[in-house]
Amino acid sequence: MAMQVLATKLFVPRLRPNAVARPRLVETLREGLGSGRKLTLISAPAGFGKTTLLGEWIADARQRDPQLRVAWISLDEGDNDPARFLSYLVAALQQADAPIGPDALSGPPGSVESTLTALINDIAQSPHPLLLVLDDVQLIEAAPVRDALAFLLDHLPSTLHVAVASRSDPLLPVARLRAGGELTELRAAELRFTPAEAAGFLTERMRLNLSAADVAALETRTEGWIAGLQLAALSLRDSTDVSGFIAGFTGSNRFVIDYLVEEVLQRQPDPIRAFLLQTAVLDRLSGELCDAVTGLTGGTEVLAALDRDNLFVVPLDDRRQWYRYHHLFADVLRARLAADGSLEPARLHTRASEWHEQHGLVEDAVTHALAAADVERAARLIELTIPAVRQSRQDATLLHWLALLPAEVIRRRPILGVYWAWSALIAGDVDTAEARLVGAEGALAATTGNDSPAYNDPAHDSALSEELRTLPVTIAVYRAAVAQARGDLGGMIEQAQRALALTGPGDHLGRGAAAGFLGLASWATGDLQAGVRAFGEVRTSLRLAGNVADALGTTIPTADMLLPQGRLRDARRAYEDALRLAAEQGDPPPQSTGDLHVGLSEVLIEQNDLPGALTHLAASESLGERAHSHENRYRYFVALARIRRAEGDLDAALDLLRTAEGVYRRGFFPEVRPIGAVAARLWITQGRLAEAAAWAADAGLASTDEPSYLREYEHLTLARLLIARHAVDPRAGSIRDALTLLDRLLQAAESGQRTGSATEILLLQALAHAAQGDTAVALRSLERSLGQAEPEGYCRLFLDEGPALTALLSAAAAAGIAPAAVRRLSAAAGSAATGQPTDQPTEPLSEPLSDRELHVLRLLASELSGPDIARELYISLNTLRTHTRHIFGKLEVTSRQAAVRRAETLGLL
């Protein structure tokens, strides 16, 4: 059952016929919208006409600019769930401008930033100006949602303006926006009715026969507070002593509200008063729903009458089928309902829950069941909606519901018990997660004579469902996750195998999850052949389940295991096949397509095809955040850093690695190439050995460590450091430590059939022996390394070693060792040694640059950043990247710096 977006939350409120026009305020808002400011903030306590003013402003703005598109969200407490908030944000923007955000919610679970990035990119492409209005922002208290709003404001396209209405200042970067001149704000002081506005409202709109003195007295006592004036006007309609009423009208706002609502309620007929109190349990009202709650008929007519009489109902749609009570009015009604025990609020909530369940609105049904303290009903409904909540990634909602249920209720429902365990697992409480899994398994294991779960006559409260049938698999999968969190590889394997054994023929997702954990275990232990086989099973299961995007995503861990095996061409073929399959899916490309482009670029970099690698990195970026997984996003910057290193710009490479560290998020995949180790290799190349040594110390590395695959890359980095130390102080003995370490690493790599790792180790042995002056031994190691590398097209592994490798290649050439490989690497190294990019030709361009490309090229030669250039040209960043890719292709270069040098040589600048 899919979670539904409530359309009434997205309706722009209509301008009420008795609303007082407020041109002075509309002019302020109009100026903010037209000046390019990012945010409009309307902040004041309840009852100051914030929503009404927004409606008037929108009507004015639409009249002035028919192209303006308006997206509106009436926020409520449920929107503190990031997934729910993002769903409504996407729905509101799509309702305003249909092409926006078709795939924004297709990212990985919890990927708020990727969703927003996709939205921002779509908005930037829209030809229409957009106004996004968020009403009742004071209800948003969850930090992830506030952070999402701040991210949106920080990256706001020029076509979008955001307006928020709130009873209190929202926790957004208001001060920074104010200081930067990017904020328009109205507060209670501006929103209060002026004496003229108060007079117009009371005498013209509410049609009260009041003297100027009476109006002035009410305006003074309410201080222009609009809700207070409205409540006073309703009471004055039937008052016989106007002057006496006004004379006694004093006190704080809260007192005024209580007093006037008493007056309003007491003057209503008993049936209306009962209707108001009974339906106060509802956040939104329709005639049918009100009938279900009150047990009467005629709810539609009553709501229409309340609307006509201005009795604090607000229409939520143009057809006036749905309404809500004014927030202040609803608060007081609910307080009165709670004080009046005869109306039984719990019974009313139960009726509301039943109606919402019958109409497929299970989320609202759960909310009312919890409000009724009917925890058994709430638990049943939560189990019913778990598949939809999980599919729509509203994890925060599920966690909130579970927190409201008594532990004993959860324990009798194994389905809830398993997700209760999951809530502890994601909170990092592994022991509690395990205990809860034990409890859920115990509740499930009410057994029949054959020791199989008693689904037909269970000793638990979970209803028969597909979720219950596959629960043993889910338990085993979560136990595998618990074991992984504890670093218990044996336990993870055991539970994954158990999950696999429990899956039925059609339970493809369960089989895929179990096989995935087995693959991770094999990967972590260095049994890469088994890991590749396991992820092949994962891919097959996901395809059978119809999950093409995740099936394509398995290419990345598979290739990551092929590379240490020395299967460079197989890894390249896997990426190319996956990208072809992704292209066959049509637009938009499946999620993870961007990661596939980055992965292929890594293979091409090793084969020294830098232009090809850049092409795939550019393709990756052009797809936007939605085409990247949260876990793999950092790899784009690591790949680009490798290209900058190949070009000789080590400082730029280090800057990119710092960026990679900022976006890195630990996930399920083993961290076999830590960013810190990649940076340490650059420091060693730069001669910054102290910094590299500090990294090794922090990482707890020593040359006497026992080899393990998870730390192999770090140990190879340490070996490079020891070899470099020998060049500084040959008496330190570091070369001996390096060779001892490399011998043990080689033995472990060869026993694990990791030919790619062995190729690198043999190269380092060659460099170490050469550093000792033992050229003959060095050449034997180099010959073995080249023999394994040449069929797969390895290049950067050797070239990145710099002058030491160049000298060794000269000796190898003289000795006639691996002549084809030596010639190829020597040519590439000699080209790089000239100080010119290896991809820079000397002949004229075969295809001339267009006028637009020449304009872009001149800006590339300036100090402007990419985003600055895009703004200068009034184009999107993706369009700029397309121009840049074409320019690089025509100039036959791979970087901005090389493009400028080439253009200068040709006289294009």
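In square angstrom, what is the accessible area per residue of the chain with a 1.4 angstrom probe?
Details: 38690 Å² over 909 residues.
Computed with neighbouring chains in place, this is 43 Å² per residue.
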query: Which label marks the calculated value of volume of the Cα convex hull per residue in Å³, given the options (1) 216; (2) 192; (3) 252?
result: (2)
- prompt: Hey, what do the phi angles of segment 697-712 turn into as Karplus ³J(HN,Hα) couplings, whole Hz, using 6.51/-1.76/1.60 and θ = phi - 60°, x for Gly and Pro?
  reply: 5, 4, 7, x, 8, 8, 5, 8, 4, 6, x, 9, 4, 4, 10, 4
- prompt: In terms of modelled amide H atoms, which long-range or inter-chain residues lie less than 5 Å from the amide H of V133?
  reply: A71, W72, I73, A163
- prompt: So who's got an amide H within less than 5 Å of the one on L285, skipping anything under 5 residues away but keeping other chains? H placed 1.01 Å off N, in plane.
  reply: Y323, R324
task: Kindly write out, for segment 380-388 in residue order, the coupling ³J(HN,Hα) from the Karplus curve 6.51 cos²θ - 1.76 cosθ + 1.60 (θ = phi - 60°), rounded to whole Hz, with x marking Gly and Pro.
output: 4, 5, 4, 4, 5, 9, 4, x, 6
statement: Expected vector for segment 535-542, Karplus 3J(HN,Hα) from phi with 6.51, -1.76, 1.60 and θ = phi - 60°, integer Hz, x for Gly and Pro, equals 6, x, 5, 4, 4, 5, 4, 5
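Could you give the length gained by full extension between V777 and E847, i.e. 0.36 nm per residue of separation minus their alpha carbon distance, to one decimal place? It would help to have the intermediate numbers written out before the result.
Details: separation 70, 0.36 × 70 = 25.20 nm, distance 5.01 nm.
Length difference between fully extended and current span is 20.2 nm.
How large is the helix-only mean residue ellipticity at 222 nm for the chain, computed as the sum of -39500 (n - 2.57) over DSSP H runs with n ≥ 4, divided by its residue count, in deg cm²/dmol to the nearest 500? Write down the numbers at each step before the final one.
Numbers: 48 runs with 565 residues, N = 909.
Result for the chain: -19000 deg cm²/dmol, rounded to the nearest 500.
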query: Extension gain T240-Q529, at 0.36 nm per residue separation less the Cα-Cα distance, in nm?
result: 94.8 nm
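For the chain, which whole percent of the accessible surface, found with a 1.4 angstrom probe, sits on carbon and sulfur atoms? If you can, show how the numbers build up before the last one.
Details: 20000 of 38690 Å².
Heavy-atom surface of the chain belonging to carbon and sulfur, 1.4 Å probe: 52 percent.
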statement: Longest principal axis of the chain (C-alpha) makes with the long axis of helix 395-404 (C-alpha) an angle, in degrees to the nearest 10, of 60 degrees
- line: The distance between the Cα centres of segment 669-708 and segment 503-533, in whole Å, is 30 Å
field: the chain, relative contact order in percent, only Cα pairs under 8 angstrom and at least six apart counted
entry: 7 percent
task: Starting from the amide H of G793, placed 1.01 Å from N in the peptide plane, find each other amide H under 5 Å away whose residue is 5 or more places distant or on another chain.
output: none
query: Which FRET efficiency, nearest 0.05, do D429 and F151 yield, Cβ-Cβ r, R0 30 Å?
result: 0.55
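Please tell me the relative contact order of segment 1-107 in percent, rounded to the nearest whole number, where contacts are Cα pairs under 8 Å and at least six residues apart.
Working: 71 pairs, mean separation 33.2, N = 107.
So the answer I get is 31 percent.
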- prompt: So how compact is segment 450-549: Cα radius of gyration and Dmax in angstrom?
  reply: 14.7, 46
- line: Quick calc, S168 & R744: beta-carbon distance into FRET formula, R0 60 Å, rounding 0.05, result 0.40
field: Mean Cα-pair separation over length for segment 118-166, i.e. relative contact order, pairs under 8 Å, 6 or more apart, %
entry: 61 percent
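For the pair T300 and E354, what calculated FRET efficiency results from E = 1/(1 + (r/R0)^6), where r is the Cβ-Cβ distance and R0 = 25 Å, to the nearest 0.05?
That pair, E354 with T300, gives E of 0.80.
Could you calculate the contour length gain from R64 to A702, that is, 0.36 nm times the residue separation minus the distance between their Cα atoms, to one decimal place in nm?
Details: separation 638, 0.36 × 638 = 229.68 nm, distance 7.14 nm.
Roughly 222.5 nm would be gained on extension.
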- prompt: Straight-line reach from K9: which lysines have a Cα under 26 Å away, not including same-chain ones fewer than 8 places off?
  reply: K38, K50
- prompt: For the chain, what proportion of DSSP beta bridges, expressed in % and rounded to the nearest 5, is antiparallel?
  reply: 20 percent
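Note down the magnitude of the dipole of the chain about its Cα centre, charges +1 on Lys and Arg C-beta and -1 on Asp and Glu C-beta and zero elsewhere, to the nearest 20 debye.
Details: 89 positive and 114 negative charges, 229 e Å.
Computed about the Cα centre, the dipole is about 1100 debye.
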- prompt: Taking the Cα centre of each part, how many Å lie between segment 319-398 and segment 137-202?
  reply: 30 Å
message: In segment 309-328, whose amide N lies under 20 Å from the spot 7 Å out along Cα-to-Cβ of A188? List them in ranges.
response: 326-328
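The values are calculated or read from the model by the stated rules, or taken from the named source; none is laboratory data. Treat the numbers as computed from the prediction; the structure is a model and nothing was measured. Note: ideal-geometry Cβ built from the backbone for every residue, glycine included; neighbour counts use all protein chains shown. Please note that ligands, DNA and RNA were not included when accessible areas were found on the heavy atoms of the full protein model with its side chains. Shrake-Rupley method; radii C 1.70, N 1.55, O 1.52, S 1.80 Å.
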